[in-house]
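The values are calculated or read from the model by the stated rules, or taken from the named source; none is laboratory data. On a predicted model such as this, the values are computed, not experimentally measured, just so you know. Here Cβ is always computed from backbone atoms with ideal geometry, including for glycine, and neighbour counts include all displayed protein chains. To get the accessible areas, we keep the full protein, side chains included, count just its heavy atoms, and leave off ligands, DNA and RNA. Shrake-Rupley method; radii C 1.70, N 1.55, O 1.52, S 1.80 Å.
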Amino acid sequence: MAAASLVALPSQAQAAPNFKAPFACGQRWTYSHHSAEVRRALDFVRADGGVTNGAPVLASAAGTATRYSQPSGAGNYIVIDHGGGWRTYYFHLASYSVPSGAWVAQGQQIGTTGSTGNSSGPHIHYEQLYNGVGQNIRINGVALSYPSSYNQAYLTSDNGCAGGSSFMTWGSGVRVRADAYLSSPVVTTLAGPTAVTVVCQKQGDTVSAEGYTNNWWSRLRDQGGYVSNIYIDHPSAQLPGVPIC
């Protein structure tokens, strides 16, 4: 369906939720659109070295979740009613994480990524509808592009990043990078020991310092990037109580 064929929205549609990515904080996914789709869906797969299959699927805005199953098409899927005519759809789930009729918060896990139904591989099929009409998808108020194949456009999630666990770093001149790799661009540098809020962690490049090695990295909420866990002042390589990105 071409964008030009979308029904014009009335003025009250300006109150649309501030939708966030349907996957976890700090994760980077690539997406594409199939021209045969009836609605303005985007399909997401991971592009940060993580595994797509089984990855948490998150509510992109708060609302009431309803579970459905369509083995010949959407597979296991959830629809979230956000009120005001707005709904989001999440197809091909491997499993559900909430009961039908549950109220879910933005960033809450509603299922896991899979390939149920008519699907060629694990991915999140995601839609935003207004009064039953598929809309061009917007995340954080910004319209996404509609590439015809993966690895042309990418999206890093900030869904669920508001919380986090507090830690101190050690050392000076510690580089915070855009991703968990030594080749990733530096977004900022911590001049000395710094109080930081870690929202999630994942494995990346191995870093060595002071006789220790560690391949776990933490995503810092306020600095907007990753730092090697070797510079987090905690004895565990993988920080306890911190979710996986």
For region 18-30, the count of residues that are buried (at least 19 other Cβ atoms within 10 Å of the Cβ) and under 18 Å from Leu129 (Cα atoms) equals 4
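Taking the options Ile80, Ile124, name whichever one is farther than 18 Å from Asp158 by Cα, in a strand (DSSP E or B) and touching a Ser or Thr at 6+ places or on another chain (Cβ under 7 Å).
Working: Ile124 fails: farther than 18 Å from Asp158 by Cα.
Only one candidate qualifies: Ile80.
Are any residues in region 92-111 of a type in the set (Ser, Thr, Tyr), in a loop (DSSP other than H, G, I, E, B) and closer than 14 Å to Pro56 by Cβ, and if so, which ones?
First pass over region 92-111, keeping only residues of a type in the set (Ser, Thr, Tyr): 95-97, 100.
Imposing the further condition that a residue be in a loop (DSSP other than H, G, I, E, B) reduces the set to 97, 100.
Within region 92-111, Ser97 is the sole residue that qualifies.
Among the residues of region 51-81, which ones are open to solvent by less than 30 Å² (accessible area, probe 1.4 Å) and not β-branched (Val, Ile, Thr)?
As a first pass, look at region 51-81 and keep what is open to solvent by less than 30 Å² (accessible area, probe 1.4 Å): 52, 55, 57-61, 63, 65, 73-75, 78-80.
Scanning region 51-81 gives Ala55, Leu58, Ala59, Ser60, Ala61, Gly63, Ala65, Gly73, Ala74, Gly75.
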Inspect all residues belonging to region 175-182 and state whether any of them is among the aromatic types (Phe, Trp, Tyr), surrounded by 15 or more Cβ atoms within 10 Å (Cβ to Cβ) and more than 20 Å from Leu58 (Cβ to Cβ). no
Please enumerate the residues belonging to region 124-155 that are touching a residue at least 60 places away in the same chain (Cβ under 8 Å), under 17 Å from Gln106 (Cβ atoms) and open to solvent by 30 Å² or more (accessible area, probe 1.4 Å). Arg138, Asn140, Gly141
Those residues that are more than 18 Å from the chain's Cα centre (by Cα) and among the small types (Gly, Ala, Ser), I need them from region 66-103; list them, please. Ser69, Ser72, Gly73, Ala74, Gly75, Gly83, Gly84, Gly85, Ser100, Gly101, Ala102
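Identify all residues within region 156-174 that are among the polar types (S, T, N, Q), open to solvent by 60 Å² or more (accessible area, probe 1.4 Å) and farther than 14 Å from Asp222 by Cα; write none if there are none. Before the answer, list the steps.
Step one: list which residues in region 156-174 are among the polar types (S, T, N, Q), which gives 156-157, 159, 165-166, 169, 172.
Imposing the further condition that a residue be open to solvent by 60 Å² or more (accessible area, probe 1.4 Å) reduces the set to 156, 166, 172.
Passing the criteria: Thr156, Ser172.
Conditions (1) more than 21 Å from Gly160 (Cα to Cα); (2) at pLDDT 95 or above, marked per residue:
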site: Val51; (1), (2): no, no
site: Gly84; (1), (2): yes, no
site: Pro99; (1), (2): no, no
site: His123; (1), (2): no, yes
site: Tyr126; (1), (2): no, yes
site: Leu129; (1), (2): yes, yes
Run down Val196, Val187 and say which single residue is part of a strand (DSSP E or B), among the aliphatic types (A, V, I, L, M), modelled with pLDDT under 95 and surrounded by fewer than 17 Cβ atoms within 10 Å (Cβ to Cβ). Val187
Filtered residues of region 199-212 (kept if open to solvent by 30 Å² or more (accessible area, probe 1.4 Å), farther than 17 Å from Gln27 by Cβ and at pLDDT below 95): Ser208, Glu210, Gly211, Tyr212
